[in-house]
Amino acid sequence: MKPVKEMKGASMVNKVISERLAAFADEHGIHTKGTLSLVLVLTRRAAGRTPPYDPRDFLTPKGGQVAGLGGPAVQSVLADHGIARVLAEEGGRTSRGSLGRMTAYMQLLNEMHASGTLDFLVIEKWWVERVNLYFATKPLRLKMDSSNSLRSIVARLIETAFERQRETPGMMLAGAVMQHLVGAKLEMILPEGRIEHQGFSTADAPGARKGDFLVGDTAIHVTTAPTEALIRKCIRNLEENIRPLIVTTMSGAGGASALAKNADAAERIEILEIDQFIAANVYEWSGFEHAKRSHSMKELVEAYNRIIDQCETDPSMRIAIG
């Protein structure tokens, strides 16, 4: 174990580094995908060289661009921190302000070296945290293509949530999106105050609730992957004279049907695919008129976003149309 004084010293150095990087980011506008890509690559390249740094060593042979920039270089750094999500395809391609930012950044690193606070492990981790904050501000996109069916539009949105979930290990985004989409739909079709919304991490907790939503005599369970435990919960619903309804994905519907059949409850448990569950109501709200469907979807998304703002702390769960 490190001596207490040494640990306190390290903590102080980390604080100084964070403050200097934060001031630099604010002064030089390091908050876009391009500028974040730039400092990530420069940080990794500088870590492999001996300070003090000469900005000219970080230029291409002709001197007109910052050397080493590119999507693969950026993603390599992020991959080392367990991030698969793409920050920028072009990887911070040299722009009008990149050369100036590079020069200023080398000066900052030289100053940190002179003061004994140049710790690249801390510096790189700080920038990666900024990247995560950048990702957290980007909403999911719902593309309203009039040539596509409503089911396919909803299904694509859910798949987008799964894609982002795969890019961020440990993040259970798809299930949260599905739960709150269902909640938004129920809110729109039922009288105000009938639906109780819960954060995804607390909704339908084992033993605490009959389902994610309890409407009339129906317990609605929203899930990406039905399990035997869920089927047992549905059977308990039936024993209490509550009708269970499972809303899931297309693949989940097949799994839920098989599990319900194994439990001899296939004919007593309703199982619906979420894209069908949502699309049917949108058709009804729009009066089956093509011109009104986009407006109905917009109202659904607005209701969904209000629920996210109320129940969740992650703004990346919000949906933007376009």
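The values are calculated or read from the model by the stated rules, or taken from the named source; none is laboratory data. Quantities reported herein were computed from a predicted structural model and do not represent experimental measurements. Cβ sites come from the backbone with ideal geometry, for glycine too, and all protein chains shown count toward neighbours. Heads up: the accessible areas ignore ligands, DNA and RNA and are worked out on the full protein's heavy atoms, side chains in. Shrake-Rupley method; radii C 1.70, N 1.55, O 1.52, S 1.80 Å.
Taking the listed residues Ser316, Ser294, the one that is modelled with pLDDT under 95, open to solvent by less than 30 Å² (accessible area, probe 1.4 Å) and part of a helix (DSSP H, G or I) is Ser316, with no other qualifying. Sub-6 Å Cβ pairs linking a first residue in segment 236-254 that is within 16 Å of Arg268 (Cβ to Cβ) to a second residue that is open to solvent by 90 Å² or more (accessible area, probe 1.4 Å) and modelled with pLDDT of 95 or more, at least 6 apart or interchain, are Leu238/Arg268; Leu245/Glu270, ordered by first then second residue. For Thr227, the criteria (1) touching a strand residue (DSSP E or B) at 6+ places or on another chain (Cβ under 6 Å); (2) farther than 28 Å from Asn148 by Cα; (3) open to solvent by less than 70 Å² (accessible area, probe 1.4 Å) hold in every case but one, which is (1). Just name the residue that is farthest from Ile246 (Cα to Cα) out of those in segment 263-291 that are open to solvent by 20 Å² or more (accessible area, probe 1.4 Å) and among the small types (Gly, Ala, Ser). Per the stated criteria, the residue is Ala291.
Among the residues of segment 33-56, just one is among the hydroxyl-bearing types (Ser, Thr, Tyr), touching a residue at least 40 places away in the same chain (Cβ under 8 Å) and not in a helix (DSSP H, G or I), namely Tyr53. Checking each residue in segment 134-159 for being open to solvent by 90 Å² or more (accessible area, probe 1.4 Å) and touching a Lys or Arg at 6+ places or on another chain (Cβ under 8 Å) picks out Lys143, Arg156.
Residue by residue, here is whether (1) open to solvent by 50 Å² or more (accessible area, probe 1.4 Å); (2) touching a Lys or Arg at 6+ places or on another chain (Cβ under 8 Å); (3) small (Gly, Ala, Ser) holds:
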| position | (1), (2), (3) |
| --- | --- |
| Gly175 | no, no, yes |
| Glu192 | yes, no, no |
| Arg209 | yes, no, no |
| Thr218 | no, yes, no |
| Ala256 | no, no, yes |
| Leu259 | no, no, no |
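Condition check for Thr60 on (1) modelled with pLDDT of 90 or more; (2) closer than 26 Å to Asn132 by Cα: one failure, at (2).
Let's see how each residue does on (1) at positive phi; (2) of a type outside the set (Gly, Ala, Ser); (3) within 32 Å of the chain's Cα centre (by Cα):
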{"site": "Thr60", "(1), (2), (3)": "no, yes, no"}
{"site": "Gly68", "(1), (2), (3)": "yes, no, yes"}
{"site": "Met106", "(1), (2), (3)": "no, yes, no"}
{"site": "Phe120", "(1), (2), (3)": "no, yes, yes"}
{"site": "Trp127", "(1), (2), (3)": "no, yes, yes"}
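In this structure, Glu6 qualifies as of a type outside the set (Gly, Ala, Ser), more than 14 Å from Ala67 (Cα to Cα) and either in contact with a Ser or Thr (Cβ under 8 Å, 6 or more places away or on another chain) or modelled with pLDDT under 95 (or both).
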